[in-house]
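Notes to accompany the following structure.
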Amino acid sequence: MKLLYQTHSPYARKVLVAAHELGLQHRLEVMHHDTSPTRRNDEVFGLNPLGKVPVLIVDDDLALFDSSVICEYLDGLHSGAKLIPTEHGGRYRALRRQALALGMADAGIAARWESERRPEASRWPPMLQGQLEKIAAACDFLEQEIGEATVTETVPDIGDIALATTLSWIAFRNVYPFAAGRPRLSSWYNRFSARPSMQATTLVGDTCD
């Protein structure tokens, strides 16, 4: 399988961390692609009409997107513990946390456009503030919800992976100081970041997003 991947996309990294957790990383040929709303990548557009990564090209040449669809596909390729639990309560807790993490990533990217990527004359401070408030509210929610049992030696669920990769991107881009005043969330993140899957996909350097 081929994974179209952008080094600093929290969505693409979610897929790669998931593959490592499932032991499927060796079945992926990772192909790096820069994408941006202002610079068209024709190869990516040829596979995903939204022009975004990640895209997974599976064995029958079907192109899958977005990250949630790809992770669900990967979760069906093994017989071990599932990223998306089958038990009703666990399933929807994991999917809810994934949705929250993806919303935080969306808000963080929008905030970064307003703070540094958009031409200065076109920036709108109320939009920046509104996006940061979303991230702050999500982090406050997580501080109350997150538990010690979430990080274990077994395969984490999709919500944990989505949250860890989103927080890592937020920290990497200095979007919002999520750890300040939130000891439970900070501790959880530090412990999850030590997992081999996170260490193997560390964010380094710079790119357009």
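The values are calculated or read from the model by the stated rules, or taken from the named source; none is laboratory data. This structure is a prediction, so every number in the text was calculated from the model and none was measured. Cβ placement follows ideal geometry from the backbone for every residue including glycine, while neighbour counts extend to all protein chains displayed.
Is it fair to say Ala81 is at pLDDT below 95, in contact with a Ser or Thr (Cβ under 9 Å, 6 or more places away or on another chain) and either among the small types (Gly, Ala, Ser) or not assigned by TED's automatic domain parsing to the domain that holds Ala137 (or both)? Criteria met by Ala81. Any residue in the range 31-42 that is surrounded by 15 or more Cβ atoms within 10 Å (Cβ to Cβ), of a type outside the set (S, T, N, Q) and without any contact (Cβ under 8 Å) to a residue 24 or more places away in the chain? Within the range 31-42, not a single residue is surrounded by 15 or more Cβ atoms within 10 Å (Cβ to Cβ), of a type outside the set (S, T, N, Q) and without any contact (Cβ under 8 Å) to a residue 24 or more places away in the chain. Taken over the range 109-128, the criterion of being of a type in the set (A, V, I, L, M) and closer than 19 Å to Ile170 by Cα is satisfied by Ile109, Ala110, Ala111, Met127, Leu128.
Any residue that is within 25 Å of Ala18 (Cβ to Cβ), among the aliphatic types (A, V, I, L, M), buried (at least 17 other Cβ atoms within 10 Å of the Cβ) and assigned by TED's automatic domain parsing to the domain that holds Leu22 - is there at least one of those in the range 103-117? Looking for residues that are within 25 Å of Ala18 (Cβ to Cβ), among the aliphatic types (A, V, I, L, M), buried (at least 17 other Cβ atoms within 10 Å of the Cβ) and assigned by TED's automatic domain parsing to the domain that holds Leu22, one finds none in the range 103-117, hence no. The sole residue among Leu16, Leu56 that is buried (at least 19 other Cβ atoms within 10 Å of the Cβ) and under 21 Å from Ser168 (Cα atoms) is Leu16. Look at (1) aliphatic (A, V, I, L, M); (2) under 27 Å from Ser122 (Cβ atoms); (3) part of a loop (DSSP other than H, G, I, E, B) and you find that Leu83 fails only one, number (2).
Meeting the requirement of 1 or more residues that are modelled with pLDDT of 95 or more, more than 16 Å from the chain's Cα centre (by Cα) and surrounded by 12 or more Cβ atoms within 10 Å (Cβ to Cβ), the helices (runs of 4 or more DSSP H) wholly within the range 156-209 are 183-193. Among the residues of the range 124-146, write down those that are more than 24 Å from Ser186 (Cβ to Cβ) and either part of a helix (DSSP H, G or I) or touching a Ser or Thr at 6+ places or on another chain (Cβ under 7 Å) (or both). Within the range 124-146, Pro125, Pro126, Met127, Gly130 qualify.
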